[in-house]
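Asks: Please read through the structure below; I'll follow up with questions.
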Amino acid sequence: MLKVYKSSHPLTEFTPSWNIPFWHCVYDNKQHIDFIRNWIMDNEQTIINTVAESSGDDGGTGLGSESLTAQHMGYNLFKMTKQLPAFQGLFNFIKSQYVEYMQQYQAITRECIMFSWANVVHKGQTITKHGHGALDFAYLSGNMHLDNYNTETVYYCPQDDGLQFKFPNIAGGLTFFPSYILHEVPTHKQDLKRVSLAFDLFDKTHYANPGETSVDFNPYR
């Protein structure tokens, strides 16, 4: 479902304006979701221990340099799991939802590259406010939650922190958002681990040397 949040019509030449399109949907293949969640939890420490290219940068999430999130630059979740049907089923679903998003928003469908990683949040941890990029080639990001959690992901209007847009953290819930949008998740208070995956998309024509941790994201292939 497309949700577009717009500013009021500006009354002066200095009034800020914005147009923020979100796409929220649910992947309802419970078997795949359960498999992916369990695979991530089972391999959390292995990935942390073996990723060679990690900078230890947790992306501003506040989860720390030893977290799984901090390894996000050193591997690609969908590349690592390309032989696993559950992950490939989800990958194809993300591509199909991207196409619907672009069609409903009446935007250009682009051939992209994707960077993707997993997050495991333990009881008492918080994902602090952060963004995924605001450079001249910034494009889209997304996240998906792999169980039902008593939290919401909070997205902020770039001109006014008081304007917040919230989506529940539910099993299979997928949200696309412009990469520059800051977002956070409040403290996780449940005993079960909060498991999610995230990704960034970039127009392939603007990324001359994507490196080994990207995968092709061609929505029509």
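The values are calculated or read from the model by the stated rules, or taken from the named source; none is laboratory data. Treat the numbers as computed from the prediction; the structure is a model and nothing was measured. In this analysis, Cβ positions are derived from the backbone assuming ideal geometry, glycine residues included, and neighbour counts consider all displayed protein chains. These accessible areas exclude ligands, DNA and RNA; they are computed on the full protein's heavy atoms, side chains included. Shrake-Rupley method; radii C 1.70, N 1.55, O 1.52, S 1.80 Å.
Asks: Suppose the filter is open to solvent by less than 40 Å² (accessible area, probe 1.4 Å), farther than 23 Å from LYS30 by Cβ, part of a loop (DSSP other than H, G, I, E, B) and of a type in the set (Ser, Thr, Tyr); does THR213 pass it? Spell out how you get there, then give the answer.
Replies: On the way: open to solvent by less than 40 Å² (accessible area, probe 1.4 Å): yes; farther than 23 Å from LYS30 by Cβ: yes; part of a loop (DSSP other than H, G, I, E, B): yes; of a type in the set (Ser, Thr, Tyr): yes.
So THR213 passes the test.
Asks: Criterion first (buried (at least 20 other Cβ atoms within 10 Å of the Cβ), in a loop (DSSP other than H, G, I, E, B) and under 12 Å from the mean Cα position of the chain (by Cα)) does HIS132 satisfy it? Quick ask: steps written out before the conclusion?
Replies: Working: buried (at least 20 other Cβ atoms within 10 Å of the Cβ): yes; in a loop (DSSP other than H, G, I, E, B): yes; under 12 Å from the mean Cα position of the chain (by Cα): yes.
Answer is yes for this residue.
The rows are residues; the columns are (1) open to solvent by less than 20 Å² (accessible area, probe 1.4 Å); (2) modelled with pLDDT of 95 or more; (3) closer than 24 Å to VAL215 by Cβ; (4) not small (Gly, Ala, Ser).
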site: LEU140; (1), (2), (3), (4): yes, yes, yes, yes
site: TYR155; (1), (2), (3), (4): yes, yes, no, yes
site: TYR180; (1), (2), (3), (4): no, yes, yes, yes
site: THR187; (1), (2), (3), (4): no, no, no, yes
site: ASP191; (1), (2), (3), (4): no, no, no, yes
site: PHE199; (1), (2), (3), (4): yes, yes, yes, yes
site: LYS204; (1), (2), (3), (4): no, no, yes, yes
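Asks: Let me ask something else about it. Just one of SER96, SER67 is crowded, with 19+ Cβ neighbours inside 10 Å and of a type outside the set (A, V, I, L, M); which is it? Lay out the reasoning, then the answer.
Replies: Details: SER96 fails: crowded, with 19+ Cβ neighbours inside 10 Å.
Just one listed residue meets the conditions, SER67.
Asks: Regarding LEU163, is this residue surrounded by 18 or more Cβ atoms within 10 Å (Cβ to Cβ) and either modelled with pLDDT of 95 or more or under 16 Å from PRO21 (Cα atoms) (or both)? Lay out the reasoning, then the answer.
Replies: On the way: surrounded by 18 or more Cβ atoms within 10 Å (Cβ to Cβ): no; either modelled with pLDDT of 95 or more or under 16 Å from PRO21 (Cα atoms) (or both): yes.
No, not satisfied.
Asks: Condition (residue is of a type in the set (Gly, Ala, Ser), without any contact (Cβ under 8 Å) to a residue 60 or more places away in the chain and within 18 Å of SER196 (Cβ to Cβ)) applied to region 89-109: is it met by at least one residue?
Replies: no
Asks: Determine if region 4-18 includes at least one residue that is in contact with a helix residue (DSSP H, G or I) (Cβ under 9 Å, 6 or more places away or on another chain), of a type outside the set (Gly, Ala, Ser) and not in a loop (DSSP other than H, G, I, E, B).
Replies: Just the residues of region 4-18 that are in contact with a helix residue (DSSP H, G or I) (Cβ under 9 Å, 6 or more places away or on another chain), to begin with: 4.
Right, trim to of a type outside the set (Gly, Ala, Ser) and you get 4.
Going one step further and asking which of them are not in a loop (DSSP other than H, G, I, E, B), we end up with 4.
Scanning region 4-18 turns up at least one residue that is in contact with a helix residue (DSSP H, G or I) (Cβ under 9 Å, 6 or more places away or on another chain), of a type outside the set (Gly, Ala, Ser) and not in a loop (DSSP other than H, G, I, E, B).
Asks: Also: Given TRP39, TRP23, which one is closer than 30 Å to CYS157 by Cα and in contact with a helix residue (DSSP H, G or I) (Cβ under 9 Å, 6 or more places away or on another chain)? Walk me through how you get there before you give the answer.
Replies: Working: TRP39 fails: closer than 30 Å to CYS157 by Cα.
Exactly one of TRP39, TRP23 is closer than 30 Å to CYS157 by Cα and in contact with a helix residue (DSSP H, G or I) (Cβ under 9 Å, 6 or more places away or on another chain), namely TRP23.
Asks: Got a sec? Which of GLY124, GLY133, GLY60, GLY64 is at positive phi and without any contact (Cβ under 8 Å) to a residue 60 or more places away in the chain?
Replies: Numbers: GLY124 fails: without any contact (Cβ under 8 Å) to a residue 60 or more places away in the chain; GLY133 fails: without any contact (Cβ under 8 Å) to a residue 60 or more places away in the chain; GLY60 fails: without any contact (Cβ under 8 Å) to a residue 60 or more places away in the chain.
The unique qualifying residue is GLY64.
Asks: Next question, about the same structure. Does GLN104 satisfy being surrounded by fewer than 16 Cβ atoms within 10 Å (Cβ to Cβ), touching a Leu at 6+ places or on another chain (Cβ under 6 Å) and assigned to a helix (DSSP H, G or I)? Working first, answer last.
Replies: Numbers: surrounded by fewer than 16 Cβ atoms within 10 Å (Cβ to Cβ): yes; touching a Leu at 6+ places or on another chain (Cβ under 6 Å): yes; assigned to a helix (DSSP H, G or I): yes.
Yes.
Asks: Out of the residues in region 9-36 that are more than 20 Å from the chain's Cα centre (by Cα) and of a type in the set (Val, Ile, Thr), state the one that is surrounded by the fewest Cβ atoms within 10 Å (Cβ to Cβ). Spell out how you get there, then give the answer.
Replies: If we filter region 9-36 for residues that are more than 20 Å from the chain's Cα centre (by Cα), which is where we start, we get 9-18, 31.
With of a type in the set (Val, Ile, Thr) added as a condition, the list becomes 12, 15.
Details: THR12: 5, THR15: 11.
Filtering region 9-36 for residues that are more than 20 Å from the chain's Cα centre (by Cα) and of a type in the set (Val, Ile, Thr), the one surrounded by the fewest Cβ atoms within 10 Å (Cβ to Cβ) comes out as THR12.
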